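The values are calculated or read from the model by the stated rules, or taken from the named source; none is laboratory data. What you are looking at is a predicted structure, and each value in this text was computed from that prediction instead of being measured. Note that we place each Cβ from the backbone using ideal geometry, even for glycine, and neighbour counts take in every protein chain shown. We work out accessible area using only protein heavy atoms, side chains counted, and drop any ligands, DNA or RNA first. Shrake-Rupley method; radii C 1.70, N 1.55, O 1.52, S 1.80 Å.
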Amino acid sequence: MSKTFDHSKIEKKWQERWSVEKKHTIDLSDSENKLYMLVMFSYPSGDKLHIGHWYNYGPTDTWARFKKMQGFKVFEPIGFDAFGLPAENYAIKHGIHPAISTRNNIKYMTEQLQRIGAMYDWDKYLNTSDPDYYKWTQWIFLKLFEMGLAHREKAPVNWCPSCLTVLANEQVKEGSCERCGTTVEKKELSQWFFKITKYSDRLLAGLDEINWPKSTKMMQRNWIGKSKGTTVFYEVDGHDEKIEIFTTRVDTIFGATFIVLAPEHHVLDSITTDEQRNKVTEYVERTRERSEIERITNDREKTGIFTGSYAINPITLEKLPIWTSDFVLTGYGSGAIFGTPGHDQRDWEFATKFKLPIKQVIEPYNNEEVDLTKRVCSGEGVLINSGSYNGLDYKDAIVKITEELKSKGKGHHSVNYRLRDWLISRQRYWGAPIPIVYCESCGTVPVPEKDLPVLLPEDIDLEKNIGSESSPLAESESFVNTDCPKCGLKGRREVDTMDTFVDSSWYFLRYTNPQYSEGAWDSSLVNEWLPVDQYVGGQDHATMHLLYARFVCMALYDHKLLNFEEPFTNLYHQGIITNDGAKMSKSKGNVVSPDSFIDNYGSDTFRMYLMFMGPYDEGADWNDKGILGIHRFLNRVWRLCKGETAVKITEDSNKELSTAMHQTIKEVTKDLQDMRFNTAISRIMEYVNALYKVNNVNKDLLETLILILAPFAPHISEELWELFEHKSTVFEHKWPEWDEEIAKSLTITVAVQILGKLRGSFEIESGLTDDILVDNALKLPNIKKHMEGKTLLKSIVIKDKLVNFVVK
RNA sequence: GCCGGGGUGGCGAAACUGGUAGACGCAAGGGACUUAAAAUCCCUCGGUCGUUUAGACCAUGCGGGUUCGAGUCCCGCCCCCGGCACCA
């Protein structure tokens with residue numbers, strides 16, 4: 001008979017029992033000792049659940065089970081982020097309605113999720129494409145609209161010609177669509193935005209209050225990009241126009257030799273002289289045709305055209321030629337700069353190219369040689385060639401010059417942000433319709449709450465819509481034509497749907513009661529159970545989902561709908577599981593399915609292997625070579641506990657093993673607390689190895705083993721726990737505690753060094769004085785040998801560890 | 001270019017606030033059991049030298065430094081991964 005455990009049978013048995021006995025259904029009405037453990041829900045794609053998902057879900061369940069055993073009331077929900085483009089594209093290709101393909105994918109993926117054996121509370125399951133859910137996504141839109149945080153505006157926006165929709169700034173990476181990699185185009189379109197910029201400072205301040213990875217906080221800070229500086233107003237010689245310029249280095253204003261406007265700048269047209277008009281117009285048009293990626297390519301040579309006009313430097317009253325160039329961005333600051341070519345790399349390149357004068361107005365601190373004909377001198381220093389400001393440190397000069405500008409009414413201190421408003425319109429079908437009606441007499445009218453949800457129309461031929469730049473919803477007459485909720489006359493519905501990041505920016509609130517019909521959530525539950533105590537997911541969402549969710553919660557807080565501002569108190573990012581060094585993705589064809597590993601080895605082995613591969617936040621390159629080792633280990637535990645080895649189970653106690661047991665509990669507890677799963681598993685392995693080395697072990701040693709193994713391998717642990725005649729499940733037993741006294745080793749090994757080089761060691765009981773350790777060390781033959789002919793200058797003793805002799 | 005993270009055996013990796021580098025596992029080699037194989041159990045396993053032992057020297061990306069002692073701290077480089085990138 002096989003002596004390996006039957007993982008299929010055991011896992012099936014316990015998963016059924018947990019489900020039947022509702023072990024993971026949490027009654028949220030009592031929030032004492034609550035712990036809300038959240039993982040990022042997944043998109044129900046045709047790829048199904050892959051190893052990357054498992055890497056998120058398996059280890060977090062281990063942590064959750066550990067916390068449950070420590071006495072926390074753990075809430076671990078799961079669901080699907082089910083709206084989105086891939087289902088729609090799939091529909092276009094295969095003629096299957098997104099609702100159907102999504103339902104099929106969810107069905108399959110739910111089965112996969114269940115095989116993990118996680119403590120998911122399936123009663124709280126949700127799906128964002130369900131009308132019962134997106135009704136409330138629309139409701140949140142209305143709340144933001146009420147607050148003036150949702151507005152429609154014509155603006156140059158990012159358009160992905162492959163996805164046939166606009167994208168938020170956050171979804172454009174290096175000028176390309178984050179999803180499909182296609183180069184995005186700039187388009188001037190009327191779109192819906194959420195006013196996230198209004199929360200820039202609070203989004204920054206909140207980061208100090210939450211326990212998030214510092215790299216993620218840094219990414220959000222950089223993304224928000226707050227910079228303090230000065231706004232300067234320039235008069236245009238011979239015109240009424242004023243040019244507003246933002247700078248962080250107003251100290252270099254004496255070195256300004258030209259002004260540059262972005263090609264889209266609103267005064268450009270009116271200040272351009274007749275002689276220059278043709279050239280300027282041509283340049284502006286050429287810029288418009290150039291793609292974003294071309295424009296932002298760093299090594300591109302500077303281009304630009306002189307407008308023929310001059311601006312007056314408000315401090316020096318010098319006349320500065322006004323140019324236009326595409327290196328000045330329209331969306332940042334006011335879309336205009338003053339060029340200080342001596343001290344700014346880009347301005348230097350521009351001045352060099354167009355033979356504009358270059359002036360030095362900063363003397364660098366470190367007296368380095370300055371040759372502005374050869375290279376720029378950026379950085380910090382003291383002012384020169386700056387009139388009465390000469391000799392001032394640049395930092396003081398910034399303050400003083402701004403004061404002068406302010407007194408003359410030519411400027412003031414100001415702050416700029418890189419963050420743009422969140423563009424939420426999508427010209428696609430498979431998303432929540434934006435609940436707005438346009439009426440000729442009433443204008444933009446929000447759909448009343450009682451009329452929600454605005455259901456997605458069914459009568460749409462998605463295939464017909466390919467290539468169209470308008471939303472597929474525009475196809476449906478019955479959807480578009482409606483009565484104005486205000487005046488009752490004819491109106492037209494908004495045809496765009498919402499960015500799916502809106503769906504995911506509040507799902508963690510809905511989890512507390514996804515069936516709730518009185519509102520988006522039951523405040524009595526949400527205000528008790530939120531914020532999320534531990535959130536785990538990939539870092540790729542750092543400046544998207546994780547930023548949007550924070551914004552939405554702050555807005556809802558301001559609307560008095562929530563009693564907290566920050567949704568996720570603690571955040572952790574698991575690393576990425578790559579395959580041949582590349583991230584797993586369908587397009588690369590390197591996705592590894594967990595299914596066959598579950599069939600062959602079981603969930604216990606597989607999840608444990610994922611945790612054993614390396615540090616959880618570092619991820620790993622996928623490799624199934626070591627999975628057998630974990631399987632062997634679980635078998636060793638199985639046989640040991642069943643008494644199928646040479647080690648007999650008796651009543652005898654064993655002092656040494658007892659010490660090992662308490663040490664193991666201590667180390668495993670600490671490692672688990674910090675999600676150091678790999679080392680925790682190593683400790684348990686060492687413990688098992690120690691148990692195998694003796695002739696007999698007692699029940700206490702084994703039961704402790706089962707208890708500390710349980711979060712890692714829940715099914716086999718339950719089975720063994722039952723074998724030891726326990727009625728309740730192992731997870732209802734409390735996590736073992738260690739006794740510091742017993743955990744102390746009786747004997748220790750002391751290393752003996754001479755001048756820091758290891759020359760020997762000896763075993764001795766712990767807790768002895770320095771003198772005794774030195775005496776013992778000096779007795780070692782090898783030490784005597786090395787000490788011959790030398791004088792001992794000093795003995796360094798580290799208690800219970802090491803003796804080092806300094807000799808000459 | 002700027003901001004994070006990292007570089008340790010054949011491989012995945014350990015090493016708490018500076019204190020025996022390589023725990024644990026994989027792979028490999030040897031042995032026990034077996035008719036045989038699988039499974040299992042035990043042993044060896046960074047490199048060079050040394051007959052085994054004892055031991056010595058070299059080893060944590062590279063070059064310096066601080067220290068009785070450095071994978072760990074400091075200075076200067078190189079490489080890999082992630083993010084931002086003409087942001088004024």
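Residues in region A:536-548: is at least one within 16 Å of RNA strand B (Cβ to nearest atom), at pLDDT 95 or above, hydrophobic (A, V, I, L, M, F, W, C) and over 21 Å from A:Arg115 (Cα atoms)?
Yes; the residues of region A:536-548 include at least one that is within 16 Å of RNA strand B (Cβ to nearest atom), at pLDDT 95 or above, hydrophobic (A, V, I, L, M, F, W, C) and over 21 Å from A:Arg115 (Cα atoms).
Please verify whether region A:787-798 includes one or more residues that are near RNA strand B (Cβ under 8 Å from one of its atoms) and surrounded by 12 or more Cβ atoms within 10 Å (Cβ to Cβ).
Within region A:787-798, one or more residues are near RNA strand B (Cβ under 8 Å from one of its atoms) and surrounded by 12 or more Cβ atoms within 10 Å (Cβ to Cβ).
Scan region A:662-685 and report the pairs whose first residue is without any contact (Cβ under 8 Å) to a residue 40 or more places away in the chain and whose second residue is of a type in the set (Lys, Arg), with Cβ atoms within less than 6 Å and a gap of 6+ or a chain change.
A:Glu667/A:Arg683
Within region A:649-669, is even one residue closer than 18 Å to A:Met613 by Cα and within 15 Å of RNA strand B (Cβ to nearest atom)?
Going residue by residue through region A:649-669, those that are closer than 18 Å to A:Met613 by Cα are A:668.
From the residues that got through so far, the ones that are within 15 Å of RNA strand B (Cβ to nearest atom) too are A:668.
Within region A:649-669, one or more residues are closer than 18 Å to A:Met613 by Cα and within 15 Å of RNA strand B (Cβ to nearest atom).
Pairs under 8 Å by beta carbon, first residue among the hydroxyl-bearing types (Ser, Thr, Tyr) in region A:756-774, partner within 13 Å of RNA strand B (Cβ to nearest atom) and part of a strand (DSSP E or B), six or more apart or different chains?
Close Cβ pairs satisfying both conditions: A:Ser761/A:Thr749; A:Ser761/A:Val750; A:Ser761/A:Ala751; A:Ser761/A:Val752; A:Ser766/A:Thr747; A:Ser766/A:Ile748.
Within region A:165-179, track down each residue that is touching a Ser or Thr at 6+ places or on another chain (Cβ under 7 Å) and open to solvent by 10 Å² or more (accessible area, probe 1.4 Å).
In the first step, residues of region A:165-179 are kept if they are touching a Ser or Thr at 6+ places or on another chain (Cβ under 7 Å); the result is A:166, A:170, A:175-177.
Selection gives A:Ser176 alone.
Limited to region A:636-648, what total is found for residues that are away from RNA strand B (no atom under 13 Å from the Cβ) and open to solvent by 70 Å² or more (accessible area, probe 1.4 Å)?
1
Of everything in region A:164-188 that's touching a residue at least 60 places away in the same chain (Cβ under 8 Å), more than 22 Å from the chain's Cα centre (by Cα) and assigned to a strand (DSSP E or B), which residue is nearest to A:Ala549 (Cα to Cα)?
This residue is A:Val166.
Quick check on A:Ser745: is it among the hydroxyl-bearing types (Ser, Thr, Tyr) and open to solvent by 40 Å² or more (accessible area, probe 1.4 Å)? Quick ask: steps written out before the conclusion?
On the way: among the hydroxyl-bearing types (Ser, Thr, Tyr): yes; open to solvent by 40 Å² or more (accessible area, probe 1.4 Å): yes.
When the stated conditions are applied, A:Ser745 passes them.
Can you tell me which condition A:Val280 does not meet? The list is (1) within 12 Å of RNA strand B (Cβ to nearest atom); (2) part of a helix (DSSP H, G or I); (3) of a type in the set (A, V, I, L, M), and all the others hold.
Unmet condition: (1).
Kindly indicate whether any position in region A:767-784 is under 50 Å from the mean Cα position of the chain (by Cα), within 14 Å of RNA strand B (Cβ to nearest atom) and either closer than 25 Å to A:Asp671 by Cα or open to solvent by 70 Å² or more (accessible area, probe 1.4 Å) (or both). Lay out the reasoning, then the answer.
From region A:767-784, those under 50 Å from the mean Cα position of the chain (by Cα) are A:767; that's our starting set.
If we keep only those that are within 14 Å of RNA strand B (Cβ to nearest atom) as well, we get none.
Within region A:767-784 (the criterion being under 50 Å from the mean Cα position of the chain (by Cα), within 14 Å of RNA strand B (Cβ to nearest atom) and either closer than 25 Å to A:Asp671 by Cα or open to solvent by 70 Å² or more (accessible area, probe 1.4 Å) (or both)), the answer is no, since none of the residues qualifies.
Identify all residues within region A:713-742 that are hydrophobic (A, V, I, L, M, F, W, C), more than 29 Å from A:Ile627 (Cβ to Cβ) and open to solvent by 60 Å² or more (accessible area, probe 1.4 Å); write none if there are none. Walk me through it before giving the result.
Initial filter on region A:713-742 (hydrophobic (A, V, I, L, M, F, W, C)): A:713, A:716, A:720-721, A:723-724, A:730-731, A:735, A:738, A:742.
Imposing the further condition that a residue be more than 29 Å from A:Ile627 (Cβ to Cβ) reduces the set to A:738, A:742.
Residue satisfying the conditions is A:Trp738 alone.
For region A:748-760, enumerate the residues that are under 20 Å from A:Lys790 (Cβ atoms) and either open to solvent by 40 Å² or more (accessible area, probe 1.4 Å) or near RNA strand B (Cβ under 7 Å from one of its atoms) (or both).
A:Ala751, A:Gln753, A:Leu755, A:Gly756, A:Lys757, A:Leu758, A:Arg759, A:Gly760
Run A:Arg683 past the list (1) open to solvent by 30 Å² or more (accessible area, probe 1.4 Å); (2) in contact with a helix residue (DSSP H, G or I) (Cβ under 6 Å, 6 or more places away or on another chain); (3) more than 10 Å from RNA strand B (Cβ to nearest atom) and report the number of the one that doesn't hold.
That leaves (3) as the condition not met.
Against the conditions (1) of a type outside the set (Phe, Trp, Tyr); (2) within 33 Å of the chain's Cα centre (by Cα); (3) open to solvent by 70 Å² or more (accessible area, probe 1.4 Å), where does A:Arg632 fall short? Just the number, please.
(2)
Which residue, of A:Lys186, A:Lys195, is charged (D, E, K, R) and either buried (at least 18 other Cβ atoms within 10 Å of the Cβ) or within 16 Å of RNA strand B (Cβ to nearest atom) (or both)?
Working: A:Lys195 fails: either buried (at least 18 other Cβ atoms within 10 Å of the Cβ) or within 16 Å of RNA strand B (Cβ to nearest atom) (or both).
Being charged (D, E, K, R) and either buried (at least 18 other Cβ atoms within 10 Å of the Cβ) or within 16 Å of RNA strand B (Cβ to nearest atom) (or both) holds for just one of A:Lys186, A:Lys195, which is A:Lys186.
Residues of region A:214-241 being part of a strand (DSSP E or B) and basic (Lys, Arg), which ones? Don't jump to the end; show me each part of the working.
From region A:214-241, those part of a strand (DSSP E or B) are A:227-236; that's our starting set.
Selection gives A:Lys228 alone.
Scan region A:202-252 for residues that are within 16 Å of RNA strand B (Cβ to nearest atom) and farther than 30 Å from A:Ala311 by Cα and report the count.
Here is the first cut: in region A:202-252, the ones within 16 Å of RNA strand B (Cβ to nearest atom) are A:203-204, A:207, A:211-234, A:243-252.
Within this subset, residues satisfying the condition of being farther than 30 Å from A:Ala311 by Cα are A:203-204, A:207, A:211-224.
Looking only at that region, the number is 17.
So which of A:Met119, A:Met37 is open to solvent by less than 20 Å² (accessible area, probe 1.4 Å) and assigned to a strand (DSSP E or B)?
Working: A:Met119 fails: assigned to a strand (DSSP E or B).
That would be A:Met37, the only listed residue that is open to solvent by less than 20 Å² (accessible area, probe 1.4 Å) and assigned to a strand (DSSP E or B).
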